[in-house]
Amino acid sequence: MSFLFGGRPQISSEQKIAQAEAEIDMVSDMYTRLVQSCSKKCIDNSYREADLNKGESVCLDRCVAKFFEVNVKVSEKMQGEAQNKSGGMFNM
Amino acid sequence: MSFLFGGRPQISSEQKIAQAEAEIDMVSDMYTRLVQSCSKKCIDNSYREADLNKGESVCLDRCVAKFFEVNVKVSEKMQGEAQNKSGGMFNM
Amino acid sequence: MSFLFGGRPQISSEQKIAQAEAEIDMVSDMYTRLVQSCSKKCIDNSYREADLNKGESVCLDRCVAKFFEVNVKVSEKMQGEAQNKSGGMFNM
Amino acid sequence: MDALTPAEQRELEGRMQKKQMKEFMNMYSNLVQRCFDDCINGFESKSLTSREESCVMRCVDKHMKGSQRLGDRFQEQNAAMAASGGLSGR
Amino acid sequence: MDALTPAEQRELEGRMQKKQMKEFMNMYSNLVQRCFDDCINGFESKSLTSREESCVMRCVDKHMKGSQRLGDRFQEQNAAMAASGGLSGR
Amino acid sequence: MDALTPAEQRELEGRMQKKQMKEFMNMYSNLVQRCFDDCINGFESKSLTSREESCVMRCVDKHMKGSQRLGDRFQEQNAAMAASGGLSGR
């Protein structure tokens, strides 16, 4: 997500670490949300069996792929927006 | 929310900053929750169009007004409670 | 939850405090989740009356007991798993 | 777990104070959001109807009593578990 | 509340910058999750269908416009409330 | 992004350890709450029924296997994306 973290020139050591930390936090947050969303969509909550069945397993695999694809699409779209208007939609 | 942040006498510089920080956090948390609640109540999740339609726009505007009004009512009620009994309901 | 916090030998003062802090955070997080889950399961959200009625009160009491029991079962199960395989399911 | 020295105890209490403030604010915000979500369902006007307002008042009352009760039970269970050496092990 | 001195003001702003970054990332992640949850419902293949993809694009557009609008209204209300001495008291 | 020096790398790892602990605890709590919400639906008594207890056990098992699988796929995708220079840009 270079539009989030990219390109400030001449940054201090503390800033470099904070930036790396922010990227890791972002990835970890994405993983947490992916687990929430994909578990909800793929795992039958009557829990008749302790193992993942074939259907659940395949669903989870595809769910991860689709979640990444959505992430890429949204990221590309927002980079596009950010280039069109400087200023931005998310200022509070 | 003076009942939350009000009136400690003689506070240090660090405490003043922490208090201002807490107020900003509170406002920002309210905004996050308002976005969650009002998006859910007002935005049709079939996404047939990319723009907000008239109905959604009006709903969002009124939703903000009502959210603030609820916030004020709850705050007033809790200030009232806090004055009646010292001690309080939220101690864990 | 000794499997989470237990047994590192020779720890520094900062580590001791951080460990105590982590235990308190864990208990406090559990309480927050218990309030969410038990309120949802036991409190009628039409709010026809301001007081808890008899049914709601009894439900809340039993809900706390069951929530603790689930917590114990899950904790025991995970301690068992952790002993069987070293390594673990939650590495990311 | 090893017991904390008095100095460590004081340090821990200092850290806890900030958290309690945060938790109180979080509970307050939860209450606002919960009662808004449950009681407000029409957006024909920008003011609360009297029906919505009284729903909010009862909602706040009921949930404050509910968390009071849950907190009491929680502490009892927690104390019982600590006494029996339960989750925190040993 | 007492006014902050310029030095305190600068310290506060420094702390706020980190939070703004976090909030932006949180909003971004919310948007991804929300549009994924609302638009993706079949798992017959591992790629998005064109129908799902255009749903996601419209979802992002609509929610960005929505939060823009909510943010504007929120600031107006907040300013009005501060002017009338509302929630923050005094 | 610029590469970190070994000293910066160590500092980063230190900060990450605390977070991993937090994340593990968060995942644990999520599991407790999720299985409680899905398996416990009657409050006629204050003890778990045997039916509820075995539901909880299967629930924990299934979700641990689920997050294991999701974690594996996530890392594969993440590695593939890093290799192709994907989201983290350049």
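The values are calculated or read from the model by the stated rules, or taken from the named source; none is laboratory data. In this text the structure is predicted, and so the values were computed from the model without any measurement. Reconstructed Cβ throughout: ideal geometry from the backbone, glycine too, with neighbour counts over all protein chains shown. Ligands, DNA and RNA are stripped out before the accessible areas are found, and what is left, the full protein with its side chains, is counted by its heavy atoms. Shrake-Rupley method; radii C 1.70, N 1.55, O 1.52, S 1.80 Å.
Summary table below
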read-out: Residue within region D:69-83 that is of a type in the set (F, W, Y) and modelled with pLDDT of 95 or more present; value: yes
read-out: Residue in region D:30-39 that is at the interface with another protein chain (Cβ under 7 Å from one of its Cβ atoms), of a type in the set (F, W, Y) and more than 22 Å from B:A82 (Cβ to Cβ) present; value: no
read-out: Subset of region D:1-25 (residues that are closer than 30 Å to E:F74 by Cα and open to solvent by less than 60 Å² (accessible area, probe 1.4 Å)); value: D:K19, D:F24, D:M25
read-out: Residue that is least open to solvent (accessible area, probe 1.4 Å), among those in region A:56-84 that are under 25 Å from F:R69 (Cβ atoms) and among the acidic types (D, E); value: A:E56
read-out: Number of the exception - C:Y47 against (1) assigned to a loop (DSSP other than H, G, I, E, B); (2) surrounded by fewer than 16 Cβ atoms within 10 Å (Cβ to Cβ); value: (2)
read-out: Of all residues in region F:33-80 being out of contact with any helix residue (DSSP H, G or I) (no Cβ under 7 Å at 6 or more places or on another chain) and open to solvent by less than 40 Å² (accessible area, probe 1.4 Å), the one that is farthest from C:I43 (Cα to Cα); value: F:G71
read-out: Residue list for region B:9-44, restricted to those being farther than 19 Å from E:Q75 by Cβ, of a type in the set (S, T, N, Q) and open to solvent by less than 40 Å² (accessible area, probe 1.4 Å); value: B:Q19
read-out: Test: residue in region F:15-32 that is among the β-branched types (V, I, T) and closer than 23 Å to C:K41 by Cα; value: yes
